[in-house]
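Working notes, beginning with the structure itself.
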Amino acid sequence: MSFEPKIVAFFCNWCTYTAADLAGVSRLKYAPNVRVIRVMCSGRVDPQFVMDAFAKGADGVLLGGCHPGDCHYAEGNYKTLRRMRMLNRMLKDMGIEDGRFRLEWISGAEGEKVKVTVNDMVAKVRALGPLDMPGKFKEWDKEIEELEAHVNSDAPTEVAHAR
Amino acid sequence: MPDKPKVAFYWCASCGGCEEAVVDLAEDILKVVEAVDIVLWPVAMDFKKADIAARPDKSVAVAFINGAIRTSEQEEWVHMLRRKAQVVVSFGACANSGGIPALANQFKKEDILKFVYEDCPGIDNPQKIRPQTSTVDEGRTLTLPVLHNMVRSLDQVIEVDYYLPGCPPTPKIIMSAVQAILAGKLPARGTVLSPDIALCEECKRKDSKPADLALAEFKRPHQVQIDPEKCLLAQGLVCMGPATRSGCEALCPSGNMPCTGCFGPTSRVKDQGAKFVSSVFSNIVPKEEKDIDAVLDGIPDPIGTFYRYGLSKCILRRKLN
Amino acid sequence: MADNNANKQQPNGLPRIGFYICHCGSNIAGTIDVADVAKYAAGLPGVVVSRDYKYMCSDPGQEMIAQDIREHKLERLVVAACSPNLHEETFRKAAAKGGLNSFFFQMVNIREHASWVHEDKKAATAKAKDLARAAVYRVRFHKALEKQQVPVDPNVLVVGGGIAGIHAALTLANAGKKVTLVERESTIGGHMAAFDKTFPTLDCAACILTPKMSAVKSHPNITLWTYSEVSKVEGYVGNYKVTVKRKPRYVIEDLCVGCMECIDACVFKEPKFADKFNQGLGKRKPVYIDFPQATPKVVMIDPETCIQFKTGKCKKSCAEACDRKAIDFDQKEEVKELQVGAIILATGFKTFDAKKEPHYGYGKYPGVFTALEIERLVNASGPTSGEVVLRDGKHPKAVGIIHCVGSRDEKTNKWCSRVCCMYSLKLAHLIKEHSGAEVYNFYIDIRAAGKAYEEFYDKLLSEGVHFIRGRVAEVTDWAMTPEEEGKLVLRVEDTLAGFVRRVPVDMVVLATGLEPQADAQEVRRRFNIGCGNEGFFQERHPKLAPVNTFTDGIFIAGACQSPKDIPDTVAQAGAAAAEALVLIDAGHVELEPNTSHVVEEECCGCKSCVPLCPYTAITFDEAKKKAVINEVICKGCGVCAAACPSGSIRQNLFEDEEIFSEIEGVLGK
Amino acid sequence: MKYLYFPGCSLKGTGKAYEESLLAVFRALGVELKEIDDWNCCGATAYMSVDEAKSYALAGRNLAIAEREELDVIAPCSACYLGLNKAQKSLQDHPEIRARVTKALAAAGLEYHGKVKVRHPLDVLINDVGLDAIAKRIKSPLKGHKFAPYYGCQIVRPFASFDDQYDPKTMDKLLAAAGAENVTFPLKTRCCGGSLTGTVPEVGLRLAYIILKEAKKRGAEAVVTVCPLCQFNLDGYQDQIARKFEAVDMPVVYFTQVLGLAMGLSADELGLKRSIISADVVLAGR
């Protein structure tokens, strides 16, 4: 079976979430890989949420807000854009490939763009392969599994560090 | 005379500054020594591992452990101390969140070894000899600990009861922690023993911070004549104060240097770097991507800047490779 | 309905959660295995009741929830159904009915976001489970909240003085509300004031409109500001502060009685300048009035053409002629502020620019006219007193009306403008009546869906108006036969007869379509509402909330929402007025409690949040050295909560732990 | 100013006069044209209806060779201009076509990255050289001459990259700069008959006749065109048109010939003697 990426999306209530509703009302069909978390404004999305989504197993994170100049809250999306551009650099520095985190402006009328964006992102993340941070965390911590049991055994002996 | 409570100090991947901080207690150290029985303190006294191993479990009242966990030896020691101590205090930024050593989590172990033993300027090692974990010499086997693939905070290896933040913790917070322990007046387990409010609270420059900090440029300390009165962020310097726990009495800002975040975040924040970014960059001046990028270029090393003491506790933990 | 609820015990101190999943007939259940999701949810920690039901939003569905809350002592409620934009309020009420605080509820959108957009049933069901789990994890952290009530200012602003704005303003004023009507042109009346007759009844537009215009002017509850524009809107539902710019017309409105002696006295003896109201077909002086029934009946001076403005050396005979001293060359723009509780936008439309279809020759061949120009030509009070003549004064013997110019066209506008078929029929009738010319309609389809519209079409057929089905390829002066010499030739594929025709005529009328106003984007930003892709204002719901917008307290009516004819426009204006009345007469509004607040003892006073708030809801308390959020002003975007560097700001309903648990939920096992 | 020149088959054959006049005019304007090395058929006409991919591969080879030079390509023949641009767009928009063409080119050791710009001489003259620069080179303006500017279909449809699709004006401007008068000509982009003049003459000839007749009626002394096929149809079939309809006797010349004359170039170097219907009337007064 081919790899099906898990994508967590944060959609602002007024534009992108509404656009996703519109895509539904219009019965557009798109890939079922995205799980939408609704926020009132893309400006509510804290870079911690994006990182946390990756850490909890997302292969991609999609952030959707109103077009620049169109924010329901005047300028929330500019605040998002600025902080997310820095986050982008940090994610890159931490080895998370381009394309796993994406910021898109989708207005309430752009149901079609929800479809196109989701399909495109799913295809691109699928091509990148699984990120699987939880699996990586487990893998990394294998190097510290052994000693704990040894030290805590009832008759600890001298530890041979060489492995 | 009833037994005095037994106290252990131990050091892992650290610079020694935390040991220095204990000594910095000055005459107060005498009060401590009077009240407790020190059973382990490698920097000052000679104890053998076997001495500690031989003690009954939970026979040590408190173990103060500083430094990050980088090797299997450190790993073994902290597990042993966890077994012997009733209370483990993670002491200082390295133990709490990886500290400076954790910046190594941006690199692969192999790349680090290769640089240190082969490529580093000044190295003369034509045979490219690397330290071995086990060597036989004149019939005897010598061992060295294993270098882990990554640097961990203490609580990523053992359970920790309390945290003393700082690089290093200041005498004031050490003393108040010690007093609390001796008096048995400890807060809930897992607490960081310094005020759970950000640094601006105790910064003398606080009042000079403008309400609208719209930055169009970031500068590094050597690039500017720093105004000794004015908020450092307002001068375009990356001061981590707003995202950093207080308790140090704003030592660095008082010394005309921006806060670099050694006390870690408040209890409400999971990831100090991400949160700082969310705050400061939301309000920079430009609106267009390329102009935003130009401002961001003023911070050439975001990870090293925002996670100087905390990369182990970054939500992503280390660079993927 | 599966029973997943056999005496479930709650082991671990978690709140007791009820989970409900809706079939929505087959809308959800056709794609998502709802029973499977309900069964799955029953096993999630904290869930003590889990049910699926045909229509959760129905009365029995809501009653079932309320009853379960009481019986099973539910402490949290999760409903998986449609979009929260549709039924969140419904289920909050159901929770309240059961005695649960409404905000101990989380809605899961598995219709718009899952069953309607996915075909793979397995994948859609898996997605529904993930979303359900996220809500179950999240709802644990929900807090009891109360909606805040704020009073509503009873005054209303109506923007746009066309038939929609006029009707809305009068309706509200008649209901006893104070209304300010702002119109950017010098008179109210809009497009309708330019029309001669209205379809299909052919009653005279002026006869039915002007009484309403003067009613606006004389109504004690209406303040009319023409030649004015809204420049700024602040505040929120029930409490808007609006800034209006009143442009100078160089005539003091209160003094002018509309005697027009100044016009007679103007140093220009003859009208010389193109008259905008008559589509440039007539002429006016620099001091002028758009049309005799203009409301308010106040003259204007056009500084672009007035000699006094251009040279400063006019003898100002107009001012001398005015015994009321109403002419004021030094008049300046005035800025006014208004407090209103509701706003109705009725800003209308503009017609398609016929020059964008150059193959129809508008602007190139003088015999080509737009429909609006013909409206003025057939109008008895128009520039030709109702005589249908060409620009050279000759009478056309044959007239071709091209439908769908700038409508139903991939290259220009895709939409049907809805009114062009009918007004083309009306103009065909009037042209024939006024000139006796042969009239040809070139149409794609005749769309005559409206009361007595099809009958009107029948009437035209019997009057001998010609109908040719086909989109005209071009209008040209290239003659192929002697009969075509000197004529405009329309080349068209007659799709009923199945061949290409060339029809020579003297006059071509372009039935230009309706478009959003040129500044519709700016206006919607000013009022913080949305536009659809085509640029018309976006209604909150296409069926169920056609005059509401996504911004509470701002309503839309008429052609600014989409092309529509006069009866529909008036109906919508009435609806918008009714919605505004509902809001005002309630006396107060309940604000969604998704506001943010600063936890005082956690705030270090770094002020990072202060500049982020677009509504200046965040201030810095200089005494306490802490940030403070005024929750009445806060609109709940949460940007401050995301940006507080020490995590000391919480946004209700979107607290960090709620979102983190939702992230864990969508990704968890 | 330097461009690559893609002649295509017409300019080496029936459209020889176009090539001669084009090269002469560009030379006189100081614009260098370098013929693309080893060019082949542009891929237009029959190929397109038989096998699209083969047609694109032919165009692709020309583009790939041109790309090495990093210069814009001038394609004077309307069919070449459209064919190359269409290939360019299809290669850009359709990955599957791109894949096939890439494979075909690889077989010849070529690759194409989509960087070539294919342009029409009208576009270059108006937008790169500029009307002002051209006006300065006009030595003997064509005062009193009246022309019908005729563009044909392919340079504005379906792509209208440098001129209006319904009412193109670039050639009008050049002819006006040359001192000539343009008659109002509503048939600017109407069909010249295309290949139907040869295959279905009752349709094709009629189309050509309509254009010639209307030009005559509007007082033009010649039809001025930009396309070798238009020129061939309108010029070469006039005897048949005369037999079927009526004699029109209307010269059909290239815009480069007219422009060249105004710039003081000779009728010979502009190929004006090659017309079937004598173009001497255009030379009147010089």
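Derivation of every value follows stated rules applied to the coordinates shown; laboratory data play no part. In this text the structure is predicted, and so the values were computed from the model without any measurement. Glycine also receives a Cβ, built like all others from the backbone with ideal geometry; neighbour counts cover every protein chain displayed.
Per-structure values
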{"read-out": "Fraction of the pair-distance distribution of the stretch D:130-283 above 27 Å, Cα-Cα pairs, percent", "value": "19"}
{"read-out": "Placed amide H near C:Ala473: partners under 5 Å, 5+ positions off or other chain", "value": "C:Arg491, C:Val492, C:Glu493"}
{"read-out": "Vicinal HN-Hα couplings computed from phi for the stretch C:449-460 (Karplus, 6.51 cos²θ - 1.76 cosθ + 1.60; Hz; Gly/Pro x)", "value": "8, x, 5, 6, 7, 4, 5, 5, 4, 4, 4, 4"}
{"read-out": "Ordering of A:33-44, D:257-268, B:302-313 by burial proxy (mean other Cβ atoms within 10 Å per residue, highest first)", "value": "A:33-44, B:302-313, D:257-268"}
{"read-out": "Value of Rg/Rh across the stretch C:432-514 [Cα atoms, Kirkwood radius]", "value": "0.99"}
{"read-out": "Unpartnered cysteines - no second Cys beta carbon under 4.7 Å - across chain D", "value": "D:Cys9, D:Cys41, D:Cys153, D:Cys191"}
{"read-out": "Fraction of beta bridges assigned by DSSP in chain C that are antiparallel (%, nearest 5)", "value": "50"}
{"read-out": "Cα-only radius of gyration and Dmax that characterise the stretch C:351-515, units Å", "value": "14.7, 44"}
{"read-out": "√(5λ) per eigenvalue of the Cα gyration tensor, chain B, largest first, Å", "value": "36, 28, 16"}
{"read-out": "Compactness of chain D as Cα Rg over 2.2 N^0.38 Å, two decimals", "value": "1.00"}
{"read-out": "Neighbourhood charge, 14 Å Cβ-Cβ cut-off, centred on B:Ile173 and excluding it, Lys, Arg +1 and Asp, Glu -1", "value": "-3"}
{"read-out": "Hz values of 3J(HN,Hα) by residue in the stretch D:112-126 - Karplus curve (6.51, -1.76, 1.60), Gly and Pro given as x", "value": "10, 10, x, 9, 6, 10, 9, 10, 9, x, 4, 4, 5, 5, 6"}
{"read-out": "Pairwise centroid distance, computed over Cα atoms, of the stretch B:98-138 with the stretch C:102-143, Å", "value": "50"}
{"read-out": "Antiparallel content of DSSP bridges confined to the protein assembly as shown, in %, to 5", "value": "35"}
{"read-out": "Relative contact order (%) - criterion: Cα under 8 Å, at least six apart; region: the stretch C:54-98", "value": "56"}
{"read-out": "Whole-Hz couplings from phi, Karplus 6.51/-1.76/1.60, listed for the stretch A:112-118; x for Gly and Pro", "value": "4, 5, 4, 4, 4, 5, 4"}
{"read-out": "DSSP-loop trypsin sites (Lys or Arg not before Pro) across the stretch C:436-534, with at most 10 other Cβ within 10 angstrom", "value": "C:Lys451"}
{"read-out": "10 Å Cβ neighbours from other chains, averaged over peptide A:86-98", "value": "6"}
{"read-out": "Mean separation of Cα contacts under 8 Å, 6 or more apart, over the residue count of chain D: relative contact order %", "value": "20"}
{"read-out": "Rg [Å, one decimal], Dmax [Å, integer] - the stretch B:59-125, C-alpha atoms", "value": "15.8, 48"}
{"read-out": "Ratio of the Cα radius of gyration of the stretch C:2-139 to 2.2 N^0.38 Å, where N counts its residues", "value": "0.94"}
{"read-out": "Rg over Rh, two decimals, the stretch D:2-119 (C-alpha only, Kirkwood Rh)", "value": "0.98"}
{"read-out": "Loop sites in the stretch C:108-203: chymotrypsin sites (Phe, Trp or Tyr not before Pro), DSSP, at most 10 other Cβ within 10 Å", "value": "none"}
{"read-out": "Taking all pairs of distinct alpha-carbon atoms in the stretch B:89-247, Kirkwood radius in angstrom", "value": "20.0"}
{"read-out": "Sparse-neighbourhood loop sites, GluC sites (Glu not before Pro) in the stretch C:233-331 - DSSP loop, at most 11 other Cβ within 10 angstrom", "value": "C:Glu304"}
{"read-out": "Surface/4 estimate of mean projected area, convex hull on alpha-carbon atoms of the stretch C:179-296, nm²", "value": "9.7"}
{"read-out": "By average C-beta atoms within 10 angstrom, highest first, the peptides D:174-180, C:331-337", "value": "D:174-180, C:331-337"}
{"read-out": "Ratio of the Cα radius of gyration of the stretch C:596-651 to 2.2 N^0.38 Å, where N counts its residues", "value": "0.95"}
{"read-out": "5 angstrom amide H check on A:Leu103, placed H, neighbours 5+ away", "value": "A:Leu63"}
{"read-out": "Shielding by partners - mean other protein chain Cβ count within 10 Å, residues of A:4-13", "value": "3"}
{"read-out": "Scattering curve values for the stretch A:1-117, log₁₀ I(q)/I(0), Debye with Cα scatterers, q = 0.12 Å⁻¹", "value": "-0.40"}
{"read-out": "Euclidean distance between Cα centres, the stretch C:463-537 to the stretch D:239-286, Å", "value": "39"}
{"read-out": "For A:Ile37, distant residues with modelled amide H under 5 Å away", "value": "A:Ala9, A:Phe10, A:Phe11"}
{"read-out": "Where no second cysteine Cβ lies under 4.7 Å, the cysteines concerned in chain B", "value": "B:Cys12, B:Cys15, B:Cys18, B:Cys94, B:Cys120, B:Cys203, B:Cys231, B:Cys239, B:Cys248, B:Cys252, B:Cys259, B:Cys314"}
{"read-out": "Most mobile of B:Ala234, B:Ala35, B:Ala85 in a GNM of chain B (Cα contacts under 10 Å)", "value": "B:Ala35"}
{"read-out": "Mean shadow area of the stretch B:1-112 over all directions, Cα convex hull, nm²", "value": "7.7"}
{"read-out": "Largest-first principal axis extents of the Cα set of the stretch B:206-282 (Å)", "value": "34, 27, 23"}
{"read-out": "Residue-span extension gain [C:Lys332 to C:Gln521] - 0.36 nm each, minus C-alpha spacing", "value": "65.3 nm"}
{"read-out": "Computed log₁₀ I(q)/I(0) - Debye formula, equal Cα scatterers, no solvent, the stretch D:95-154, q 0.15, 0.21, 0.29, 0.30 Å⁻¹", "value": "-0.73, -0.99, -1.16, -1.17"}
{"read-out": "Surface/4 estimate of mean projected area, convex hull on alpha-carbon atoms of the stretch C:414-460, nm²", "value": "3.5"}
{"read-out": "Average other protein chain Cβ within 10 Å of Cβ, residues A:103-109", "value": "3"}
{"read-out": "Inverse mean reciprocal Cα-Cα distance (Kirkwood Rh) of the protein assembly as shown, Å", "value": "38.6"}
{"read-out": "Counted charge near A:His67, where neighbours are those whose Cβ lies closer than 15 Å (Asp, Glu -1; Lys, Arg +1)", "value": "-3"}
{"read-out": "Exposed GluC sites (Glu not before Pro) absent: longest stretch of chain B, with sites in DSSP loops and at most 12 other Cβ within 10 Å deemed exposed", "value": "B:28-137"}
